[in-house]
Amino acid sequence: VQLQACGGGLAQPGDSLTLSCAASGGTFSTYSVGWFRQAPGIEREFVAAESSIIGITRYSDSVKGRFTISRDNAKNTVYLQMNNLKPEDTAVYFCAAKKGSAQAMSVVTTEHWGQGTQVTVSS
């Protein structure tokens with residue numbers, strides 16, 4: 001499956017942004033999907049994931065309560081709604097997909113990556 005992410009940009013602290021990632025070339029509904037991010041000089045880290053079963057989600061502690069992952073299987077798209085953005089959320093965000101459980105989604109287990117989209121949070 002090929003993934004194409006978009007929606008990044010410049011935001012101020014407290015703002016909201018929504019990232020989207022369109023999938024093609026595979027049976028999107030059978031994949032767990034997720035988002036990772038990577039800041040300069042820091043390893044890529046897990047942000048959020050949703051199972052192929054809609055509604056089963058997992059979040060990193062740093063974004064829990066502020067970010068929401070969702071998917072629309074009819075549109076082959078996964079979203080990341082980011083609220084109350086903080087400067088520490090600044091990073092390149094990557095969408096990801098894998099077969100199997102979203103609980104097991106990690107940098108190592110991810111099978112497909114989208115290109116990154118830059119999110120910068122600054123006043």
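Output needed: Cys residues of the chain lacking any neighbouring Cys C-beta below 4.7 Å, sorted by number.
Those would be CYS6, since no other cysteine Cβ in the chain comes under 4.7 Å of theirs.
Can you give me the accessible area per residue for the chain, using a 1.4 Å probe, in Å²?
47
Please report the base-10 log of the normalised intensity I(q)/I(0) for the range 4-48, using a Debye sum with one equal scatterer per alpha carbon and no solvent, at each q in 0.14, 0.17, 0.21 (1/Å).
-0.48, -0.69, -0.95
List the residues of the range 3-37 whose backbone N lies under 16 Å from a point placed 7 Å from the Cα of GLN115 along the Cα-to-Cβ direction.
Once the point is set 7 Å along Cα→Cβ of GLN115, 3-9, 20-24 turn out to lie under 16 Å by backbone N, inside the range 3-37.
Given a 1.4 Å probe and every protein chain left where it sits, what share in percent of the accessible area of the range 31-89 is carbon and sulfur?
Carbon-and-sulfur percentage of accessible area, whole number: 49.
Can you tell me which of GLY100, GLY25, GLY55 moves the most in a GNM of the chain? Springs connect C-alpha atoms under 10 Å apart.
It is GLY25.
Which three numbers, in whole Å and largest first, are the semi-axes of the equivalent ellipsoid of the range 35-85 derived from its Cα gyration tensor as √(5λ)?
21, 12, 10
Can you list the lysines whose alpha carbon is less than 23 Å from that of LYS86, not counting same-chain residues fewer than 8 positions off?
Partners within reach: LYS64.
Sort largest first and round to whole Å: the equivalent ellipsoid semi-axes of the range 16-123, each the square root of five times a Cα gyration tensor eigenvalue.
For the range 16-123, the semi-axes come out at 22, 14, 13 Å.
The values are calculated or read from the model by the stated rules, or taken from the named source; none is laboratory data. Please read these numbers as outputs of a predicted model, since none were measured by experiment. So basically every Cβ, Gly included, is an ideal-geometry build from the backbone, and we count neighbours across all protein chains shown. Accessible surface is based on the protein model in full, side chains and every heavy atom, while ligands, DNA and RNA are left aside. Shrake-Rupley method; radii C 1.70, N 1.55, O 1.52, S 1.80 Å.
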